[in-house]
Structure formats: structure tokens, C-alpha cells
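Here the structure comes first, spelled out in C-alpha cells, and everything after it is commentary.
The values are calculated or read from the model by the stated rules, or taken from the named source; none is laboratory data. The shown structure was predicted, so the numbers you read here are calculated from the model rather than taken from an experiment. Please note: Cβ atoms are built from the backbone with ideal geometry, for glycine as well, and neighbour counts cover all protein chains shown. Just the protein is used for accessible areas: all its heavy atoms, side chains included, with ligands, DNA and RNA removed. Shrake-Rupley method; radii C 1.70, N 1.55, O 1.52, S 1.80 Å.
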Amino acid sequence: DFGHSSELAFVVEPSDDIAVQEQPLILYCQVEGIQPITITWRKNGVMIVDSENAFMLANGSLYVSRFQRVRGDGSSDEGEYDCMAQNHYGLVVSRKAKIQAATMSDFHIHPQNAVVEEGGVARFQCQIHGLPEPVILWHKNSIPVNTDNERYTLLPKGVLQITGLRAEDSGIFHCVATNIANVKFSREARLTVSGSHSTVYKDPMILVGPENLTLTVHQTAVLECIATGNPRPIVSWSRLDGRPIGVEGIQVLGTGNLMISDLTVQHSGIYVCAANKPGTRVRRTAQGSLVVQAPAEFVQHPQSISRPVGTTAIFTCVAQGEPPPQITWLRNGQILETSDHIKLKNNNSTLSIYGINQTDEAIYQCLAENSAGSTQASARLTVLWADGLPSPPQGVRAETVSATTIQVSWEKPLQNTKEIIGYVLHIRKAADPVEMEYQEAVSKSTFQQLVTDLEPSTSYSFYIKAYTSRGASKASEVTVVSTLGEVPAMPSLFIKVINSTAVQATWEPSIKLGQHEGFKLYYRKVHLSQYTGPVLLASNVTAYNITHLDASVVYEVKLLAYNQHGDGDSTVRFVSLRETVERTVLNPPCDCMKDEQNNKTSTTGIIIGIHIGITCIIFCILFLMFGYRGRLLMCKNVQEQLSTPQIPRSQRNTAGLVLNGAARRDRDDRDLNGKQLDMNELERLFPASPSQEQQDKRIMSAHIPSAPHDDTQISTLPLDEFSITEEQPDPLPKPPHGGSPPAPPLDPGLANEG
């Protein structure tokens, strides 16, 4: 065995074949691996016993001396054969080889007589079934047709095309079909070429379009398309999906037949043949589908593995093909049956064996099969088992602590405890598959574990294994216990004011609530102790309207979820409707139609008002301008006629005329010229009533001192802003040289009246 793999595997497997009647047949099978190896054969799943007709050779191959499709006892040598090899480690089975008898039927389509005008197209066809596919050749006048003639095209399916017919093409045609089973001749057909080449216009027409074909990769496809017309149409090919046909392996036979060699799966599609009239867009089309199948083949083979007892073994087998292959697993040549600890996933691509033991040690095979063929791959599972490993832990118990916690306890194994380095607690929901199991490691001195973060009201299974540096013990007994029930969590709650007497309570259902049967809703006025409710709501309800409320008080709203274990914690919200009432009073609802009409009316009024206002402003400005100009001219005339003595600056405050607001204009008065304001001017500006005329005559004009060379600006004040005050006079200084005598003091009576 030196230089050979220790794994039991096939070097040569039997292949599909077509056998000839009464001829010998050999099916090959060669295996490698650790000896001794025993090889046996099966046909259609039944063991073949050596006989005079079929027996196994020394190299493991099967020899059939005289292959017969049907024997005298009604049996047949046709069928599916496979080879089985077995050694100490297990058994493997080869792929299935399909053996069929070579046959040939009679022709079911014979060539037909044809009369075609010169320059036209002639087509003859023969069809016959056989295994293997018969090769069809054509004879003209009992002589094989010259295939070197470009006008003669022979297609693999028994079609003969002749284009550009001439008189010498006339004759008698027949076909000859040949395979390993037989040789057969078709009936004869006469071709007559008549007349001369016609020049009459004819629309393009497709005589024969492509057929639907189903082939296997690496075969050759011929899509026929023959067209007529005058002028001679141009034949072109395309794919219906718009993808390019390509050039590699593509060839045109004759005037328009498409041949694709070495087929691949990518060649599958619908092909369109178009006959185009030269120089125009006139065309005729025909289409046919091509399906290319690919036998199953492995993308990833399963690998042999070694695993300690109690662990998990995983084999992966990925295959591809067209159509997609089906995957089947065998264990030592027998169909693998799944169980609690043997699972198939990913369309049977992954085989998982949980908690393996010595009985799981075997050779596992992956068979991939589709309509185009089958293949197989194998891998061995070796279960590691060391002597002196601990016995299983004893007395496993599980006690429920809460809705999410269980405490598991156990006792040490009875045997081989010295090398224990720790324990592993295996945890799984009782309803979950084995692959959902998870583990928690525990030190060797600990004999209990608190398992947390569990789901309420759920059953869990537990078992323990003791581990050493050389492997794990067998699993302890399994114990199952359930967690306690749990009340639901607090729901989220939101309050929305609908109007002055109603609010809407809404909440969001959450998985965090846990199992709950429904909700309870309470509400009350905050100054009262008693709630209104509960209002019982189903678990799928998420909103509730509370109506007929008092807008002048604050309300408390409370919501909780409940289940068979009791009521959960509640969520409380407070809400006031007072703001809604005030907002309604301040912003009463509008009559939109009335407002719209008022808006139209008020807009017109605003425009008219603007025009009137602008007109009034213009008149006022003009009135003030002309009135002011007239006063200035009158003041000049008065000043020329009257001369009033000036009061020196030092006696400015002794006696004078005090106007309301004069203090604010003192800084402006400094810029005025020394102009005289006589009694007549005052009377003109501020006319007095007749009863006051005598008193007003006693008012002396006051000279307002100012800087020289300034002009006086006189403002008109309304009577209600005008007052006259009297101050105690100081001795008046002598007037300056050439000045007017000082004015006499004001009468106290007038001052008081003012």
C-alpha cells in the first residue's frame, strides 16, 4: 500500500455504455485504500452473483460474455450497474453506469419526390432512431453524394440541402443509416429540375426553421434554416435575449444553417433565423430553442475528518450541473437516514452529526445526480476514543429560579476523575433542533451553574460532559425543565389632544412586552382618588379615544399589559385640555366664505383710502408752505415799523415770556437774529377773547437776545401750549448806549391768570 492513499476511494469507476447484442461487455472498477478490500457488483440495486454469463475479473472489473437485450427467461442485461468496495473502515459505492443495447429502428421519415425550378432550393430528409445515434449518408443514383460541392449541404440529422439548382442535379436520391447495431437504406426519391431561372420577384420565405434541441455539453448543435425568394434572401442569426452568439466554435453550413461545436451551458437560449430581402427591411423570421445540459460535477468534495466522542462532525458537498443536481448521502453504501443527531441542511449540501459516538464511525458518500449524469465523492469519519476517560457526570438536576434563570447541578463521574480539567454544560430549547444547542464551560471544582438570559415559559434541556486533555466523557442523562412565566413589560404610551373634551391614547406594541393577552387602560381627574376603568383592550389594539372629559381639569392616564401571570408595570401620562380651550377662544374658527368676501371688499377700501390719504398730505404740505411764507413777509414789515428796546443778555431771566417747551429750544434760539416781536404780532398769532383785550394790552414785547447777524424763525404754537409766567424782577441794568428803554415789569395779576 506504500504510495497509495489510506482512504478507500475509486480510481476508475464504471461509465455509461452502449452494448452490442451477443457481444462481450466489460465494466471497469478500480479501488485504492488499506487492504484487504472486497469488491462486489450490483445491477439495479441487486447484488450480481458470478455466473457463466457475468463474473468479476481479478482487477475488480465485471465481464459480461454475451450481452443480450432480452434473455429467454425475460431478463435483460440492460440496466444501471455500480461497483461496491469495502475494507475495515467502511464501504463505498461507485457512480451508476447506464448500460443500453445498441439498436436501430426502421426509417420513420423517407425522402419525397420533388420538382423545383432551376435556381431554386431542394431539400430531402430522412429520420431514423438508434443507439448510438446513426450516421446518415446520402446517395445520388446509387453513388455517394459529393460533399465537396458547395451547393450540397449534409446536416447531421439526415437532411440534404441543394441550392442554386441546375439541370445536372436531377436524379434519384436515398439515404443510408449506419451504427454498431445495423445498416439500413431508405426509400428512393426523384428530384426534377424544370424550366429556366425565373426573374419574377418573390418575397423571402423560410422553408424550414430551427428545431428545439436538448443536448449535452461538448456535443455539436446544428440549427437548420433554409429560405427562398427572388432575389435570393440573406440569412442571419441572432439570440432572442440580445446576447451575442460569439464566433468561437460557430460555423455556417450551406447558405444559412448554424452549427455550434463543443457546446457549453452558456449556449442555451432561443435562436432566431431571419431571411432578409437585400437592400430592404423586408424579412421573415423563425426561431427555435437550444437547451444544453451539464452532468453533475463537484465544486467542493467532502473531506475525511477525525473527531472526539461527543463532538460534532460536519461534511460539506457542493455540486453543480444543468439541471441542478440532487444530492443524496450514503453511510457505508446505504441511504443515510436523518435523526435527532444527524441533520441535512442547505439542500442536502451539508451533513452534520451531533454528539458523535463510536457507532457513527463510517464512510459517508455524497451522490450528485441529474438527467445528464451522476458522480460521487466519499469521506471517512473517525471517532477518537481514548481509554481511561471519565464516566458520565451523575445526578444532573435543574431547578427553576425565575422566568429567565435556571440552576443546573450535578455530581462528579464515578470513574477516572483525576484527569478532569472541567465540565461543559450543553443547553438547548427543548423545541429547537440539535444544531441550535450552545455550551457553557465550568471549572472542574464547580458542580452547579446558574443559566441566565432564558425565555419565560419555555422548556430547556440540559446535559453535562466531563473533559480531560485526551477527550470528553460520554454525555450525562438529559434533564428538561421550564422557566417560570413572566408578566409583560411596560408599554410605551403617548397622549394626543383631539379637542376640548377628548384625547387619544396610543402605544406601540413591542416584542419586549413578552407574551401578553391584552391591555388595561385607566384614567381619572388628578384631584380624585378613583380611576375610571379598567378598559380591557385586545393585544392587537394600539389606540383608544377617551371622550366626555372636563376641559378645566388635568387628567391622569395609565396603561399596562397583562397575561395569565398577572399585570405588568403601568405607564402613566398627564394631560390638560385647558390650553386647547384657550386657544379656541383666542383663535375662533373662521367663516372662510365670509372672510373671503370681506377680503375682497376691504381690499377695495384700502386702495381708495391710500389715494385719499396721499391727496390730504399733498394739500397739507402746500398749505404749510404758503402759510409759512406769508408769515415771514408780515414779520419783516412789522420789524421795519416797530422798534423795541432789547433786554441785555445778563437780564435774560429777570422777566420774560416763557413758552411751554422753550427750554428745549434755547440752543436753537441762540442762532436767531435780534428781531423785535411787538404786541400786534402776538395778538395776530394768538388772538385773545374780548374780555382779555385790556389785560393783553399791558403785555410788553420782550426782546430775545441772540447772536448778531442771525435770522429769527418764529413758530406758531397752539393756545393750549402757551403760558405766561412772572418772576421777581431784578434791578434792571442801564440799557446800552443807543438802546431802547427797558420794558416795565409784568402785572402779577396777568402772571397768575396765565
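Condition check for SER196 on (1) over 26 Å from GLN251 (Cα atoms); (2) assigned to a strand (DSSP E or B); (3) polar (S, T, N, Q): one failure, at (2). Of the strands (runs of 3 or more DSSP E) lying entirely inside segment 307-409, those containing at least 1 residues that are without any contact (Cβ under 8 Å) to a residue 24 or more places away in the chain, surrounded by 15 or more Cβ atoms within 10 Å (Cβ to Cβ) and outside the structural domain of ILE421 (by the TED database) span 342-345. The residue list ALA189, ALA167 contains one member that is at pLDDT 95 or above and small (Gly, Ala, Ser), which is ALA189.
The one condition from (1) among the β-branched types (Val, Ile, Thr); (2) surrounded by fewer than 19 Cβ atoms within 10 Å (Cβ to Cβ); (3) under 30 Å from LEU223 (Cα atoms) that VAL292 does not meet is (2).
Here's the yes/no breakdown for (1) under 23 Å from VAL572 (Cβ atoms); (2) open to solvent by 30 Å² or more (accessible area, probe 1.4 Å); (3) touching a strand residue (DSSP E or B) at 6+ places or on another chain (Cβ under 9 Å):
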residue	(1), (2), (3)
ILE427	no, no, yes
ALA431	no, yes, yes
THR452	no, yes, yes
TYR460	no, no, yes
LEU484	no, yes, yes
VAL487	yes, yes, yes
ASN499	yes, yes, no
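Restricted to segment 192-216, and to residues that are open to solvent by 30 Å² or more (accessible area, probe 1.4 Å) and β-branched (Val, Ile, Thr), which residue is farthest from ALA167 (Cα to Cα)? Among those that are open to solvent by 30 Å² or more (accessible area, probe 1.4 Å) and β-branched (Val, Ile, Thr), it is THR216. Among the residues making up segment 473-495, those that are assigned to a strand (DSSP E or B) and more than 15 Å from SER459 (Cβ to Cβ) are PHE494, ILE495. Is it true that PHE494 is loosely packed, with under 15 Cβ neighbours inside 10 Å, hydrophobic (A, V, I, L, M, F, W, C) and within 20 Å of ALA561 (Cα to Cα)? Judged against the criteria, PHE494 is a match. When we screen VAL526, VAL442, VAL478 for residues that are surrounded by 15 or more Cβ atoms within 10 Å (Cβ to Cβ) and touching a strand residue (DSSP E or B) at 6+ places or on another chain (Cβ under 7 Å), the only hit is VAL442. Is there a residue in segment 145-154 that is in contact (Cβ under 8 Å) with a residue 24 or more places away in the chain, open to solvent by 30 Å² or more (accessible area, probe 1.4 Å) and within 30 Å of ASP17 (Cβ to Cβ)? Checking segment 145-154: not a single residue is in contact (Cβ under 8 Å) with a residue 24 or more places away in the chain, open to solvent by 30 Å² or more (accessible area, probe 1.4 Å) and within 30 Å of ASP17 (Cβ to Cβ).
Taken as a whole, the condition of being in contact with a Ser or Thr (Cβ under 9 Å, 6 or more places away or on another chain) and part of a helix (DSSP H, G or I) does not apply to GLU419.
Checking segment 44-54 against the condition returns a match, with at least one residue being on the phi > 0 side of the Ramachandran plot and of a type outside the set (A, V, I, L, M). For GLY256, the requirement of being in contact with a Cys (Cβ under 6 Å, 6 or more places away or on another chain) and open to solvent by less than 40 Å² (accessible area, probe 1.4 Å) is met. Checking each residue in segment 164-178 for being closer than 25 Å to GLN251 by Cβ and open to solvent by 20 Å² or more (accessible area, probe 1.4 Å) picks out GLY164, THR178.
Kindly evaluate ALA466 against the criterion of being assigned to a loop (DSSP other than H, G, I, E, B) and surrounded by 14 or more Cβ atoms within 10 Å (Cβ to Cβ). When the stated conditions are applied, ALA466 does not pass them.
Quick grid of which residues meet (1) among the charged types (D, E, K, R); (2) over 30 Å from PRO456 (Cβ atoms); (3) over 43 Å from the mean Cα position of the chain (by Cα):
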site: GLN358; (1), (2), (3): no, yes, yes
site: ASN370; (1), (2), (3): no, yes, no
site: SER374; (1), (2), (3): no, yes, no
site: ALA379; (1), (2), (3): no, yes, no
site: LEU384; (1), (2), (3): no, yes, yes
site: PRO390; (1), (2), (3): no, yes, yes
site: VAL396; (1), (2), (3): no, no, yes
site: THR404; (1), (2), (3): no, no, no
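Identify, please: which residue in segment 52-67 is under 20 Å from VAL20 (Cα atoms) and out of contact with any strand residue (DSSP E or B) (no Cβ under 8 Å at 6 or more places or on another chain) and is, among those, least open to solvent (accessible area, probe 1.4 Å)? Result: ARG66. Please go through segment 222-243 and give me each residue that is in contact (Cβ under 8 Å) with a residue 24 or more places away in the chain and over 19 Å from ARG123 (Cβ atoms), ordered by number. If the condition is that a residue be in contact (Cβ under 8 Å) with a residue 24 or more places away in the chain and over 19 Å from ARG123 (Cβ atoms), then PRO231, SER236, SER238, ARG239, LEU240, ASP241, ARG243 are the ones that fit.
When SER500, SER576, SER529 are checked against the criterion of being touching a residue at least 40 places away in the same chain (Cβ under 8 Å), farther than 30 Å from LEU454 by Cβ and among the small types (Gly, Ala, Ser), a single residue qualifies: SER500.
Meeting the requirement of 3 or more residues that are free of Cβ contacts under 8 Å to residues at least 40 places away in the same chain, the strands (runs of 3 or more DSSP E) wholly within segment 46-144 are 54-56, 135-140.
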